[in-house]
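Written out below as C-alpha cells is the structure these notes cover.
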Amino acid sequence: MLKNRQQQQLEQRQTLTARQIQQIQLLELPVTELEQRISAEIERNPALEEAYTARDDSNESNATNEQVDSSLSQSDQDRLEARNEFGNDDEIPAYRLRMIAEREQQREEIPFAAHGLSLTDYLDNQLSTLELTERQQLLVPYIVGNLREDGYLDRSLPLIAQDLLLKEGIDASEQELAELLQIIQSLDPPGVGARTLQECLLLQLHRMEQSETVVNAEKIVSSYFDDFAYKRFERLTKRGFDQKQLEAVSSLIHQLSPKPGNGFDSSAETLLSKVTPDFIITEHEGELTLTLTDQREIPALTVSPSYKQMIADYRDASTSERAKLKETIQYTRDRVKDAEWFISALQQRYDTLRTTMTIIMTLQRDFFLSGDIIDLRPMILKDVAELARLDISTISRVSNSKYVQCQWGIYPVKFFFSESMQAKDGSDVSTKVIKDCLKQIIDGEDPRQPLTDDQLTEELSRQGYDIARRTTAKYRQQLGLPTARLRRKLTK
C-alpha cells in the first residue's frame with residue numbers, strides 16, 4: 001500500500017541578486033565593450049546622463065575653448081573639462097580624476113604577442129582550482145576539447161566515450177562523462193557545456209536568485225520553449241501567464257547569452273588583430289608602471305539634475321499633492337537609485353581591475369622586464385585572490401577577455417596564469433614553460449616518424465622536466481596537437 005509522506009530536506013544553494021549579476025557583467029567587459037554597455041544603460045535609465053560638457057555649446061564657444069586649451073597641457077585640459085562638467089573639483093568622481101592622471105601616458109603601437117585566449121584556457125584555469133580525482137583530470141580535457149567556440153557541446157557523450165576507447169584506449173562510462181559535464185556546466189561563462197539553446201538558457205536561469213520572474217522563466221523555457229521561441233504568446237496566456245508576467249520573462253531571457261563562448265577565439269592571429277588592451281605596462285630603468293588604457297571615449301556620468309529636482313519638489317509638496325505623485329515619485333527614486341548604483345559600480349570595476357593587475361605585474365615582474373617565457377613564474381588564480389583579498393571567481397572574471405600591453409607585445413591576462421611543476425634541479429617551473437618546450441620538440445620532430453607520448457616524455461626528462469606520460473599527453477591535447485599516429489606524414 002502506497003503512503004504519502006512529507007519529508008524535509010536541507011539544501012544549500014548559492015544564488016546571485018540582480019545587482020550582483022550586473023556587477024559581474026560589468027567586471028567581465030573589456031574596454032571595447034564598456035562604452036556600449038554605458039550607452040545602453042543611459043538609454044534604459046532616464047535618470048542617468050552623460051555629464052554636461054563644453055562641447056555641447058555653440059561653435060563660437062567651442063572655438064574660444066580651443067584657443068584657451070592650446071596653451072594648456074593635456075592633463076590640464078582634461079581637468080578643466082571635468083570641472084566644467086561637474087561644477088568644481090570636489091564634485092569630480094574619483095574614477096574620473098584617476099583617468100585624467102593616467103591620460104598623459106599615450107598608447108604606443110607595438111607588435112602583437114602570439115599568445116591567444118581560448119575558451120579552453122578559461123575553463124582549464126577554473127578546473128585547476130577544483131579538487132578533481134586523477135580519473136576526472138584524465139577525462140575532463142576530452143569533454144572540454146569537444147566544446148565549440150560558442151561554448152556548446154555538439155558531440156554526444158556516447159560518441160565521446162567511443163572516441164576515448166578507440167583513440168586513447170580509455171574505457172569511460174557515459175555516467176562518468178555526464179558527471180564531468182555537470183562540473184563543466186557549473187563553470188563560467190554561465191551556459192557553457194550546454195547541448196541545446198534551451199539547456200543553455202536554463203543553466204543561466206538556475207544560477208539566478210529565485211523570484212517570480214525567474215521561476216516563470218524556468219517553467220516556460222523547460223516546458224513551453226517552442227511556444228516562447230515562436231512567440232505564440234496566446235498559448236502561454238492560456239497556460240496561466242498574464243501579459244505582465246510574459247513581458248517580464250521576455251525581458252529577462254533577452255538578457256541571457258545564447259552563445260556563452262562568444263568573446264573567446266581559438267585563433268590568436270584573428271583575435272589579437274582586433275585587440276584594444278585594457279592595461280598598459282611600461283618600463284623605465286627597471287621600474288614598471290601600470291596604467292589602465294586611455295578611456296577618452298568613455299563618458300563621465302551623472303544623475304540627472306531634473307530627476308533630483310523632482311525629488312526635492314516632492315519633499316516640499318503638500319500632503320494632497322504627495323498622494324497624487326506617489327507612484328511617479330517612487331519611479332523617480334528608483335531610477336535615481338539605479339543611476340547612483342551604476343556610477344558606483346563603474347568605480348568598483350576600476351578599483352578591482354587596478355588591484356588585480358598590479359598584483360599580476362608584481363608577481364610576473366621578471367617576465368615583463370625580459371619578455372622571456374622562461375621567466376614566467378607559476379601563478380594560479382588563488383595566488384592573486386589571496387593577495388587581493390578577493391574571491392577566486394572575481395579574479396577569473398577580471399582576467400576574462402582582458403589584455404595587457406607591454407614592450408614585448410599584447411598578451412591576454414590569462415596568459416600569465418599557470419600551475420607549478422618541479423624541475424629536476426628542484427626549482428618550480430610554470431607549466432607554460434614545459435608546454436612551450438613540448439611544442440618545440442614536436443615542431444622539430446621528423447614528420448615521417450613522429451614521437452610517441454613515451455618518447456616525448458623521455459625528451460622532456462632530458463631537458464630537465466620530469467613529468468608522467470599521462471601529463472605529457474594532457475599537455476599535448478591542451479596544445480591542440482594530435483597523437484603520433486595522426487601527426488605522421490608521408491613526406492617531410
### Task
Report, by residue number, each residue of the range 429-465 that is modelled with pLDDT under 90, in a helix (DSSP H, G or I), surrounded by fewer than 17 Cβ atoms within 10 Å (Cβ to Cβ) and among the polar types (S, T, N, Q).
SER461
### Message
For ASP227, only one of the following conditions fails: (1) surrounded by fewer than 13 Cβ atoms within 10 Å (Cβ to Cβ); (2) assigned to a helix (DSSP H, G or I); (3) not polar (S, T, N, Q). What is its number?
### Response
(1)
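Against the definition (assigned to a helix (DSSP H, G or I), without any contact (Cβ under 8 Å) to a residue 40 or more places away in the chain and not acidic (Asp, Glu)), how does LYS382 come out, yes or no?
Answer is no for this residue.
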#### Entry: Within the range 257-303, tally of residues that are in a strand (DSSP E or B) and modelled with pLDDT of 70 or more
16
### Those residues of the range 290-347 which are loosely packed, with under 14 Cβ neighbours inside 10 Å, closer than 30 Å to GLN407 by Cβ and touching a helix residue (DSSP H, G or I) at 6+ places or on another chain (Cβ under 7 Å), in sequence order
GLU297
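Mind counting the residues in the range 147-176 that are assigned to a helix (DSSP H, G or I) and either of a type in the set (Lys, Arg) or touching a strand residue (DSSP E or B) at 6+ places or on another chain (Cβ under 9 Å) (or both)?
Just the residues of the range 147-176 that are assigned to a helix (DSSP H, G or I), to begin with: 157-168, 174-176.
So of that shortlist, the ones also either of a type in the set (Lys, Arg) or touching a strand residue (DSSP E or B) at 6+ places or on another chain (Cβ under 9 Å) (or both) come out as 160, 167.
Total meeting the criteria: 2.
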### Task
Tell me which residues, restricted to the range 466-492, are modelled with pLDDT under 85, in contact with a helix residue (DSSP H, G or I) (Cβ under 8 Å, 6 or more places away or on another chain) and polar (S, T, N, Q).
GLN478, THR483
### Query
For residues in the range 361-417 being closer than 15 Å to THR282 by Cα and of a type in the set (Ser, Thr, Tyr), which is modelled with the highest pLDDT?
THR362
#### Entry: Those residues of the range 374-392 which are surrounded by fewer than 16 Cβ atoms within 10 Å (Cβ to Cβ) and either of a type in the set (S, T, N, Q) or in contact with a helix residue (DSSP H, G or I) (Cβ under 7 Å, 6 or more places away or on another chain) (or both), in sequence order
ILE374, ASP375, LYS382, ASP391
### Task
Scan TYR331, TYR350 and give me the residue that is under 27 Å from the mean Cα position of the chain (by Cα) and either under 30 Å from TYR411 (Cα atoms) or not assigned by the TED database to the domain that holds ASP436 (or both).
TYR350
### Query
Out of curiosity, is GLN14 under 19 Å from PRO260 (Cβ atoms), modelled with pLDDT under 80 and not in a helix (DSSP H, G or I)?
yes
### Task
Quick one: which residue in GLN162, GLN106, GLN126, GLN136 is at pLDDT 60 or above and loosely packed, with under 15 Cβ neighbours inside 10 Å?
GLN162
### Task
Mind listing whichever residues of the range 168-201 are within 24 Å of SER401 (Cα to Cα) and either of a type in the set (A, V, I, L, M) or assigned by the TED database to the domain that holds ARG397 (or both)?
LEU181, ILE183, ILE184, LEU187, VAL192, ALA194, LEU197, LEU201
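For residues in the range 113-141 being of a type outside the set (S, T, N, Q) and without any contact (Cβ under 8 Å) to a residue 60 or more places away in the chain, which is nearest to GLN407 (Cα to Cα)?
The selected residue is LEU130.
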## Note on the structure
Of (1) closer than 20 Å to LEU246 by Cβ; (2) of a type outside the set (Phe, Trp, Tyr); (3) modelled with pLDDT under 95, LEU187 satisfies every one except (1)
### Task
Please determine, by comparing only the residues of the range 232-242 that are assigned to a helix (DSSP H, G or I) and at pLDDT below 90, which one is surrounded by the most Cβ atoms within 10 Å (Cβ to Cβ).
PHE233
### Message
Given the criteria in contact (Cβ under 8 Å) with a residue 12 or more places away in the chain and on the phi > 0 side of the Ramachandran plot, does GLY193 qualify?
### Response
yes
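The values are calculated or read from the model by the stated rules, or taken from the named source; none is laboratory data. Because the structure is a prediction, the values reported are computed rather than measured. Please note: Cβ atoms are built from the backbone with ideal geometry, for glycine as well, and neighbour counts cover all protein chains shown.
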